[in-house]
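What follows is a set of notes on a single structure, which appears directly below.
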Amino acid sequence: MNGTSRLYHRKCYGYDHDKEGYLVINEKKATVVRQIFDWVLEGNSIVDLRKQLEQHKIASLRGKAKWSKRALKTMLNNEKYIGHAHLFKDNDNDDDGSYLSRDKHPAIISENTFEMVQEEKQRRSNLVRFDGGKKKRKNHKYSSTK
């Protein structure tokens with residue numbers, strides 16, 4: 001909680017480490033991050049994102065030609081892109097004992113863009129949560145085709 005954990009500075013796509021090990025923006029990759037968030041807001045699905053990245057010949061964090069769905073989903077959920085570090089987060093539990101440290105490093109996208117993407121993902125989700133934590137699937141899935 002005192003901000004000394006190295007987990008705050010774990011590298012992710014769009015960031016590099018400076019000499020002291022802190023996150024700094026890699027502007028070339030940060031442009032890709034911004035584009036991915038914009039594509040989601042334009043209606044693109046995860047499959048569409050993978051196709052776009054492949055068409056533009058943009059390699060993943062690990063240098064692979066194809067991005068995994070998981071990597072893209074993780075990116076879209078990651079508060080690091082708004083300058084925060086969320087440790088011990090459990091996406092299935094609202095009261096999970098996690099810790100959010102704000103403004104730990106420079107942001108690549110705005111909080112507004114991040115929140116709009118979270119809302120869009122929730123709108124597209126085919127999983128509905130009810131009071132008491134019960135979940136049910138909708139009869140249809142999101143499709144970016146018009």
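The values are calculated or read from the model by the stated rules, or taken from the named source; none is laboratory data. Not measured: the values here are computed from a predicted model. Cβ coordinates were reconstructed from backbone atoms using ideal geometry, including for glycine residues, and neighbour counts include every protein chain displayed. We work out accessible area using only protein heavy atoms, side chains counted, and drop any ligands, DNA or RNA first. Shrake-Rupley method; radii C 1.70, N 1.55, O 1.52, S 1.80 Å.
Spin-label pair Gln35-Arg124: with each label point 7 Å from Cα along the Cα-Cβ axis, the two points sit 1.7 nm from one another. If you sort Arg34, Arg70, Arg124 by accessible surface, 1.4 Å probe, largest first, the order is Arg70, Arg34, Arg124. For the set Lys29/Lys57; Lys80/Lys121; Lys64/Lys104; Lys19/Lys64; Lys19/Lys69; Lys29/Lys121, the pairs lying more than 20 angstrom apart at their alpha carbons are Lys64/Lys104; Lys19/Lys64; Lys19/Lys69; Lys29/Lys121.
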